[in-house]
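Data block below; observations after.
The values are calculated or read from the model by the stated rules, or taken from the named source; none is laboratory data. Every value quoted in this text rests on a predicted model; they were computed, and no experiment measured them. Every residue, glycine among them, receives a Cβ derived from its backbone with ideal geometry; neighbour counts consider all protein chains shown. To get the accessible areas, we keep the full protein, side chains included, count just its heavy atoms, and leave off ligands, DNA and RNA. Shrake-Rupley method; radii C 1.70, N 1.55, O 1.52, S 1.80 Å.
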Amino acid sequence: MNDTLTLPKVNNFIDGKFEGIGNGTMDVVSPLDGKVISSVPMSTTEDLDNAVAAAKRAFKTWSEKTIKERVQVFFTYRNLLEKHQDELAKLVQIENGKTYGEALAEVLKSIELCEFAVSMPQIVTNEVQEVSKGVECRIERKPIGVVACITPFNFPNMVPHWTVPNAIVLGNTVILKPSEKVPLSTIRMAELLKEAGLPDGVFNLVNGGKEIVEAICDHPDIKATSFVGSTHVAKIVYRRATSNLQRCVALGGAKNHLIVLPDANPQMTADNVVASMSGCAGQRCMAASVMVGVDRVQHIIDLMVEEAKSIVPGKNLGSVISKEAKERIEAYITEAEQQGAKILVDGRGATVEGKEGGFYVGPTIIDYVTPDMKVAKEEIFGPVISIIRAKDVDEAILIENGSNYGNAAAVFTQSGGLARRIMEGASAGMIGVNIGVPVPREPFSFGGWNESKFGVGDITGKSSIEFWTQNKKTTTKWNPEDKTNWMS
Ligand code: NAD
């Protein structure tokens, strides 16, 4: 960590200005060492009203611009992200706790998301056809109005970029409510969007917690809300926003299964499974959480153990987000052990010299887990993998299908036929074949199934165009005197 990093002051950003607000503040703690690094203001519903009013005022001018005009800001903004990538990665690292490399990868992904947003004029070309002689039907994508994006702690820079650039490029004006645990990255996002030339009021930032999320769902002038976070809150937000007649897509938690077959390439599989479960300290909605080992896979498990032992907290493994998270993760491991599972690699009680106040959990591999155990069913959100043994592919698919989540699933094998069966049989929105973190890259869209996502469509890529726009259908006849046929 570079000691010269200047942390931005956290405030709301409304109508192009950072403003102080009132209902107290909450400490922002760096999970790297447990030290308070900033404070985040807890906004009031009045603050939200001000932001929505600003976004509403900005909507008319912004939405009337052509899409080719609107994307220009994001060409500049994309380059600013690139220019400041080192500083932005360090901010992610200090507020979230991941390693510098992981934080930088997150910022690079935000750059890719902006590259997709600036390509919108090539994709959103609308439709037109002469449906009868002299009669033309035309469909145009129009913005919806003021929209809101609510984001979680685990990707402070990337997840806001899943939604904000697309929503704005498509003509909407936005209120972003970041996680109160990681408010620093989005302050820089506001500053850089302004520097890139985004007009005041098009992007607004309202900090806070539950109260502001509820106010967003209830706000009569917010037309659509995207949410990314836990399933528990996703359900609350989806129900509340849609009951107030907003459009909503709400992405929830995950419990991703990696199915490992005996013919899988041993070293590549072991490396991928361990990287998937331990990357970002397991705090990824795409992280491997259960490995279903089919038949004879002991040789792969042995390699996984070796690989996991080379992952050291504070060196090539970041921290988890809080003391509570560390305690929760360790309690899951202890319960599995008490129920008879075998801990092959134990990450409990990890500390880092010089950062004793930080929240670290080492990589953990738990074998002989049974499907009824909590570690097999619940989202742990830490660097922990539970191994369930299955006798064949059918049993492995049944185990995967038993989860109420459905974000990702993956298979490791050399057999095309077996891979195909698992691709078909898995009940998840994103499937990997010999890939442990199967995140689709732009323009392919991101979104899970079952209790990992509520609402229609995905949150990124081409699928997001449907969510952030509405269709205007126009039927035109200019030459009534001309030769006509049906419906002319
Ligand atoms: P969280 O659900 O606790 O918080 C998400 C947002 O909701 C935050 O902005 C928070 O302020 C707000 N919030 C928290 N409690 C609330 C409540 N009771 N009522 C209203 N709003 C509330 O999630 P988190 O801990 O910040 O993030 C981790 C979770 O996010 C994990 O479950 C992870 O799987 C999930 N996640 C999912 C995806 C995905 O694509 N499916 C991506 C990233 C993270």
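Report, to the nearest 10°, how far helix 85-96 tilts away from the longest principal axis of the Cα atoms in the chain, using its own Cα long axis and a range of 0 to 90°.
For helix 85-96, the angle is close to 60 degrees.
For segment 334-488, go through all pairs of different Cα atoms, get the mean of 1/r, take its inverse, and jot down that Kirkwood value in Å.
This gives a value of 19.7 Å.
So how tilted is helix 100-118 from the main axis of the chain? Cα-based, degrees 0 to 90, rounded to 10.
Relative to the chain, helix 100-118 is tipped by roughly 30 degrees.
Counting only DSSP beta bridges with both residues in the chain, what percent are antiparallel, rounded to the nearest 5?
Here the antiparallel bridges make up roughly 45 percent for the chain.
For segment 256-433, treating each Cα as an identical point scatterer without solvent, what Debye log10 I(q)/I(0) comes out at q = 0.08, 0.14, 0.19 1/Å?
So the normalised log intensities work out to -0.22, -0.67, -1.23.
Once the dipole of the chain is set up with Lys and Arg at +1 and Asp and Glu at -1 on Cβ about the Cα centre, which of V159, A376, Q338 lies farthest towards its positive end?
It is V159.
Can you tell me the FRET efficiency between K374 and W449 if r is taken as the Cβ-Cβ distance and R0 is 22 Å, rounded to the nearest 0.05?
Efficiency for this residue pair is about 0.50.
Could you work out how far the C-alpha centroid of segment 348-404 sits from that of segment 54-95, in angstrom?
38
Using a cut-off of 12 Å between alpha-carbon atoms, which aspartates and glutamates can reach K109, once sequence neighbours fewer than 8 places away in the same chain are excluded?
Excluding near neighbours in sequence, the set is E82, E442.
Could you give the spread of the C-alpha atoms of segment 4-144 along their three principal axes, from largest to smallest, in whole angstroms?
Taking max minus min along each principal axis of the Cα atoms, segment 4-144 gives 72, 39, 20 Å.
So for segment 217-310, taking the charge dipole from beta-carbon charges (+1 Lys/Arg, -1 Asp/Glu), which of H232, M304, C248 sits furthest toward the positive end?
Projecting each Cα onto the dipole axis, the largest value belongs to C248.
Work out the length of the dipole vector of segment 256-433 about its Cα centre, built from +1 on the beta-carbon of each Lys and Arg and -1 on the beta-carbon of each Asp and Glu, and round it to the nearest 20 debye.
For segment 256-433, the charge dipole is close to 260 debye.
Please return the longest stretch of the chain lacking exposed loop sites, where chymotrypsin sites (Phe, Trp or Tyr not before Pro) count only if DSSP places them in a loop and at most 12 other Cβ atoms lie within 10 Å.
In short, 1-477.
Can you list the equivalent-ellipsoid semi-axes of the chain, largest first and in whole Å, using the square root of 5 times each Cα gyration tensor eigenvalue?
40, 30, 19
Taking the chain as the reference, fit the longest principal axis to its C-alpha atoms, fit the long axis of helix 416-425 to the helix C-alpha atoms, and give the angle between the two in degrees, 0 to 90, nearest 10.
Taking Cα atoms only, the helix is inclined about 70 degrees.
Any idea what the dipole of segment 175-257 comes to, in debye rounded to 20, about its Cα centre with Lys/Arg Cβ at +1 and Asp/Glu Cβ at -1?
Its charge dipole is roughly 440 debye.
Could you state the principal axis extents of the C-alpha atoms in segment 17-68, from the largest down, to the nearest angstrom?
48, 29, 15
So, with a 1.4 angstrom probe, what is the percent of accessible area on the chain that is carbon and sulfur?
52
Lys and Arg at +1, Asp and Glu at -1: add these up for the other residues within a Cβ distance under 12 Å of A103 and post the number.
Taking every Cβ under 12 Å from that of A103, the sum is -2.
Calculate the dipole size of the chain relative to its Cα centre from +1 charges on Lys and Arg beta carbons and -1 charges on Asp and Glu beta carbons; express the result in debye to the nearest 20.
The calculation lands at about 1160 debye.
If the limit is 24 Å between Cα atoms, which of K177/K235; K90/K223; K35/K326; K56/K477 go over it?
Pairs exceeding the cut-off: K90/K223; K56/K477.
Using a Förster distance of 25 Å, how high is the FRET efficiency between R138 and K56, based on the Cβ-Cβ distance and rounded to 0.05?
Using R0 = 25 Å, I get an efficiency of 0.35.
Quick check: pseudo-label points 7 Å beyond the Cα along Cα→Cβ at T66 and E195, how many nm apart are they?
3.0
Once label points are set 7 Å from the Cα along Cα→Cβ at both T242 and V128, what is their separation, rounded to one decimal in nm?
Going from the T242 label point to the V128 one covers 3.6 nm.
Sum up the charges of everything whose Cβ sits under 11 Å from the Cβ of E195, counting Lys and Arg as +1 and Asp and Glu as -1, but leave E195 out.
+2
Just by accessible area at a 1.4 angstrom probe, what is the order of S179, S230 from largest to smallest?
The most accessible residue leads, giving S230, S179.
Give, as a single signed number, the net charge of other residues whose beta carbon lies under 12 Å from the beta carbon of S415, with Lys and Arg counted +1 and Asp and Glu -1.
Local net charge: +1.
Say each of K235 and E112 gets a label point 7 Å from the Cα, pointing the same way as Cα to Cβ; how far apart are those two points in nm?
That separation, rounded to one decimal, is 3.3 nm.
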